[in-house]
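Contents: one structure, followed by commentary.
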Amino acid sequence: MAAGPGLLAAGGQLLSRHRTAVLCAAALGVGLAAAWLWKSRRRSRRERRQVGVVSQLFIYPVKSCRGVALEEAECTKLGLKHGELRDRHWLVTKENGGMVTGPQEPKLVLISVSCDGAFLTLKAPEMEELRIPLKLPRTNPVLNCRVHGHNVHGKDCGDETASWINAFVQGAEPYRLVHFENHMKLRNSKEEFALYHRNDQIAYADHAPLLIISEASLDDLNTRLDKKVKIQNFRPCVVVSGCTAFEEDSWDKVMIGDVELNRVMACYRCIFTTLDPDTGIINIKEPLETLRSYRLCETADKVHYKKSPLFGQYFGIENTGRIKVGDPVYMIVS
């Protein structure tokens, strides 16, 4: 039986729509491929110069607690990530939400952190280890916290966790532990420091997702000290070898593997640097006093750094990817 004119017209319209959809999809695919190719060629044409090698990687899941040394990490827009551990995504707070850090409670630096995929594990001297589920119960309250004077949320990790922290720290007031979850609103770095870009965002980190320090800078400092300090005194994310002291101050754009970083500002230092990472004892004086003798900013920059000495550089993440110990570090020249 022959098809009627109406059926032919309908079929023709359907065929035409199908062809249009296919052509649009193909055009979109070609466009995306061309954009990727243009970006790849543009990146490959840029002049770059090797300035060092990644010698150490650290992640600090609980702010102010002991760092975790890594051989490899994913570099996200919010900083380093290893499995379920994200950099500075847990925070010790007062009951009113104010953050608690090493200078307030020095024993925090003695708490070690690890993860087995389902639990965050805390260990401390003379304490039984504590396992905290990464997926917290829905009934746990979301608390309003304050980090450097700005509001940020965190999900409470429960009374057992709070009791464990309080029993170890034995502070003057009770503390809680909160976790920053992916759906929560991030802090905008530019609201805290004008040097940052409008899209720079963080969870509980001080100001930026990544801090880089060179081994040579630490060596230079230690030549001026009676008692040497460790890189852990300064809590960097990426440590670089094979360059001169404070050469990182001039790395405006850096590439490590596929990761691209933009330098934003120097890290201005406080008494946290005087806290011994092995003993939890704070002396308030060194290495801060020695740094002040030769690492103060230029007069024009005092509006940002005031009287704080500078050690290490903060970077924002332009392009995400993976970073490994042993990766060459390139400065993008043009």
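Extension gain, F193 to Q170, is 4.9 nm, computed as 0.36 nm per intervening residue step minus the present C-alpha separation. Mean sequence separation of contacting Cα pairs (under 8 Å, at least six apart), scaled by the length of region 65-111, corresponds to a relative contact order of 36 percent.
What you get for the chain, charging only the Cβ of Lys and Arg (+1) and of Asp and Glu (-1), is a dipole of about 1300 debye around the Cα centre.
Counting charges near G102 (Lys, Arg +1; Asp, Glu -1) among other residues having Cβ under 10 Å from its Cβ returns a value of +2.
Surface exposure of region 231-334, expressed per residue as accessible area with a 1.4 Å probe, stands at 43 Å². If you add up the charges near G52, with Lys and Arg at +1 and Asp and Glu at -1, over every other residue whose beta carbon is less than 12 angstrom from its beta carbon, what do you get? Taking every other residue near G52 into account, the sum is -3.
As a length-normalised measure over Cα pairs under 8 Å and 6 or more apart, the relative contact order of the chain settles at 22 percent.
My understanding is that a pair violates if its Cα-Cα distance is over 26 Å; which of K190/K302; K107/K302; K81/K302; K107/K185 do that in this structure? As for pairs spanning more than 26 Å Cα to Cα, those are K107/K302; K81/K302; K107/K185.
Among the protein heavy atoms of the chain, carbon and sulfur supply 53% of the accessible surface, probe 1.4 Å, non-protein parts ignored. In this structure, the residue pairs whose Cα-Cα separation is over 32 Å, taken from K230/K324; K77/K227; K135/K306; K77/K155; K135/K253, are K77/K227; K135/K306; K135/K253. Ordering 57-64, 156-163 by mean Cβ neighbour count within 10 Å, with the highest value first, yields 57-64, 156-163. Decide, for region 247-313, between rounded, prolate and oblate: order the square roots of the alpha carbon gyration tensor eigenvalues as a ≥ b ≥ c, take rounded if a/c falls under 1.5, and otherwise choose prolate if a/b is larger than b/c, else oblate. Here region 247-313 falls in the oblate category. Could you point to the residue in S55, N151, W90 farthest towards the positive end of the chain's charge dipole, with +1 and -1 charges on the Cβ of Lys/Arg and Asp/Glu respectively? With unit charges placed on the Cβ atoms, the residue in question is N151. Here are several values of Rg/Rh (Cα atoms, Kirkwood Rh): (1) 0.98; (2) 0.94; (3) 1.11. Which one was derived from the coordinates shown? This structure yields the entry labelled (3). A Förster radius of 51 Å combined with the Cβ-Cβ distance from D220 to S163 puts the calculated FRET efficiency at roughly 0.70. Which residues does a label at H148 reach in region 269-305, if reach means a backbone N under 14 Å from a point 7 Å past the Cα toward the Cβ? Only 269-270, 304-305 pass the distance filter.
With contacts taken as Cα pairs under 8 Å at a separation of at least 6 residues, region 47-187 carries a relative contact order of 20 percent. Each of P133, L210, G67 was scored by the projection of its Cα onto the charge dipole of the chain, and the greatest displacement toward the positive side belongs to L210; charges sit on the C-beta of Lys, Arg, Asp and Glu.
For a paramagnetic label modelled on E247 (point 7 Å from Cα along Cα→Cβ), amide N atoms under 16 Å away are absent within region 58-80. Length gained on full extension, E318 to D278, computed as 0.36 nm times the residue gap minus the Cα-Cα distance: 11.0 nm.
Placing +1 on the Cβ of every Lys and Arg and -1 on the Cβ of every Asp and Glu, with no other charges, gives region 132-281 a dipole of roughly 460 debye about its Cα centre. Positive contributions from Lys and Arg (+1) and negative ones from Asp and Glu (-1), summed over other residues with Cβ under 10 Å from the Cβ of H82, come out at -3.
Solvent-accessible area of D116, all protein chains in place: 90 Å² (probe radius 1.4 Å, heavy atoms, ligands and nucleic acids excluded).
The values are calculated or read from the model by the stated rules, or taken from the named source; none is laboratory data. Note that the coordinates shown come from a computational prediction; the quantities given were computed from them, not determined experimentally. Neighbour counts are summed over all protein chains in view; Cβ atoms, including those assigned to glycine, are modelled from backbone coordinates with ideal geometry. Side chains are part of the model used for accessible areas, which takes the heavy atoms of the whole protein and leaves out ligands, DNA and RNA. Shrake-Rupley method; radii C 1.70, N 1.55, O 1.52, S 1.80 Å.
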